[in-house]
Amino acid sequence: MLGAAAAGMLAVSRAARLGIWPAVLALCVCAFVRSEGIAGALLNHGVLLPADMALPPLLFGFAAWMRRRALAAGLLLGLSGLLHANFAVLGPLVVAGPELWRLAKTREIKKTAVLALGFVLIAWPT
């Protein structure tokens, strides 16, 4: 799971056009924080937790959203929410504000609707 989370951090960093170093910094923060909490738990324990499984799809979903790939973003955020209920709230909270702001500027409702539909279809059981 650590490798998948690291790849997700790199995907977000590249989608934001920041390069590799912010992803390296994020991974180093995960390595040096206390073991309680989501970041420290990623590296400092030997068991597989639902949050560990939900983090990579969340990160890849954010990267897809940043690249304007609405269906991929919705499905990945939905998968993350399906794997862990907290991520079903976290994903939409992070994406909703900027997405609504973009929607108000461009009036392009199709991508927002596709993103929301993909999320709801996958995360519905959660």
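Nothing in this text is a laboratory measurement; each read-out follows from the coordinates by a stated rule. Everything quoted here is computed from the prediction, not taken from an experiment. Because the Cβ atoms are built from the backbone with ideal geometry, glycine has one as well, and the counts that use them run over all protein chains shown.
General observations
- Label-to-label distance, residue 100 versus residue 121, with points set 7 angstrom from Cα along the beta-carbon direction: 2.5 nm.
- Among 50-60, 99-109, 71-81, the peptide with the highest mean count of other Cβ atoms within 10 Å heads the list, and the full ranking is 71-81, 50-60, 99-109.
- Relative contact order (percent, whole number), segment 43-99, Cα cutoff 8 Å, 6+ residue spacing: 33
- Karplus-based coupling profile of segment 67-76, in residue order and whole Hz: 8, 6, 9, 4, 5, 4, 4, x, 5, 5, with θ = phi - 60° in 6.51 cos²θ - 1.76 cosθ + 1.60 and x standing for Gly or Pro.
- For the chain, the 222 nm mean residue ellipticity estimated from helices alone, with every DSSP H stretch of n ≥ 4 adding -39500 (n - 2.57) and the total spread over all residues, rounds to -25500 deg cm²/dmol.
- With 0.36 nm allotted per residue and the present C-alpha distance subtracted, the residue 21-residue 107 stretch has 27.5 nm of extension available.
- Crossing angle, helix 109-123 versus the chain [Cα axis fit, 0-90 degrees, rounded to tens]: 50
- Taking each residue as 0.36 nm, the span from residue 32 to residue 1 lengthens on full extension beyond its C-alpha to C-alpha distance by 9.4 nm.
- Relative contact order computed over the chain (Cα-Cα under 8 Å; 6+ residues apart), in percent: 23
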